[in-house]
Every structure is written in C-alpha cells, then in structure tokens.
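Worksheet: one structure, shown below.
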C-alpha cells in the first residue's frame, strides 16, 4: 500500500513539473494596443474639402460714361437676392489655439439685376452673375472642436451684362470676369473625427469698371458698373489625413 501511494505521489510530481516546463515555453501574450491620447490643440491641422449652399445679395450701380442712356454723373441702382451653391478646398496649420490656413471657394449663383434706363424708359440695363470664386487666407482661434475664423483675399466674378431696348433696336451684350477683394468670417464645429460643419459670411467688393458693350448696329459702347456682393453660406468639410498624423479623440 505504501509503495503504491509513493508511486502515485511521484507520478503527480512528475506531471506537475512537465506542466510547468510547458507553460514556461509558451509565448508571452502582448498587451492590448491602446492609441495614444489625443493631442490637445492640434485637431484641425491638415487638408480638407467640402460643399456649401446659401444665399447671396448683389448691389449693382449702373451709369453711362457717354451720357447716351443717362446723364453723365447720374446712375441707377438695382438690388437683388438669390441662391448659391458650390465647393471649397483648403489646408490648415494649427499652433496650439491659433489656426492659419488657405482656402479656395467656387459658387454658382442665380443673381440677376435689371433696371430701366433714366433717359430711355423702354431700355433695360441688367447684369447676371453666373459664378463667384475666391482665394483667401484664414486665421482663427480654436476651442477643442470649435473654430472661429476670419478670412480675406481675392475674388473673381463672372457677369453677363446687357442693355436692351426693342423700341430703338438696342441689343448690347458683354461677358466679363471681374476681379475684386473679399473679406469674411465664420464659425466651424467638428462633430465627428473627419467631419465639420460651418456657417460663414462673405463680402465681395468689385469697385467700378467700364464694360465694353457690343451691339451689332452700333458697335462697342461702354457701360459703367459698380458691384458689391454679400453671401451667407452653410456647409460641410471632410478633413483628409492630417500632417503630422494625430488622433482625434
């Protein structure tokens, strides 16, 4: 009996030793990977693109440098509103709470202005604004997911001008891309790792210019135009991979 008990004890000790050796040979399981904590104050750096919709208001002042349709020094104003929509692309650099960036915008519009000429009541002077594009620098301040910014730069606007008077056979038209300046401000909020929404106001000043108008019967005659545009836009931006890479949350 004692011999059998000793044999069982010896077998148990041997089995335990073999199990310990086998367990020691097993590979050590690597700890679960944890992403590094979000870098506070650096969630806006990188490129982005998106789209926007909104409304626009244009103020056109028409005058006749030669005094044919209106006395020299007089003018007619036409204010109108319309809708717009387009896209934007840009890049941001963030330095703690300071943000600097560059952005390009393109918007299609349906802004159309027209008014009767002072001297020829049957004549209509008008301007159709087809599109607006801007290239601006941006500067702003961030509070975690929120950004408030101002922007300024150059603007280019495509207009179609016309002077029409069926009574005397006037049908003058011209297309011009005018250059001006833009200033604006906005608020943007990041509601997801790659997405943000914004509201923005822009003012575009094009100044005064004499537009050469072509009429088949009368040749080229100038039309004086001064134009300003105001826009309010709401939109979404999709942020591309930042540089340098950093976690968002």
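The values are calculated or read from the model by the stated rules, or taken from the named source; none is laboratory data. Note that the structure is predicted; figures quoted are calculated from it, not measured. Cβ: placed from backbone, ideal geometry, glycine included. Neighbour counts: every protein chain shown.
I'd like to verify a number: residues in segment 148-194 that are under 17 Å from the mean Cα position of the chain (by Cα) and closer than 20 Å to residue 228 by Cβ, how many?
14
For the list (1) within 15 Å of residue 50 (Cβ to Cβ); (2) surrounded by 14 or more Cβ atoms within 10 Å (Cβ to Cβ), I need the number of the one condition that residue 185 fails.
Unmet for residue 185, out of (1) within 15 Å of residue 50 (Cβ to Cβ); (2) surrounded by 14 or more Cβ atoms within 10 Å (Cβ to Cβ): (1).
So how many residues does segment 94-119 have that are assigned to a strand (DSSP E or B) and modelled with pLDDT under 95?
Here the count works out to 9.
Before we move on, is residue 146 modelled with pLDDT of 90 or more, under 17 Å from residue 103 (Cα atoms) and exposed (fewer than 15 other Cβ atoms within 10 Å of the Cβ)?
Spelling it out, it is not the case that residue 146 is modelled with pLDDT of 90 or more, under 17 Å from residue 103 (Cα atoms) and exposed (fewer than 15 other Cβ atoms within 10 Å of the Cβ).
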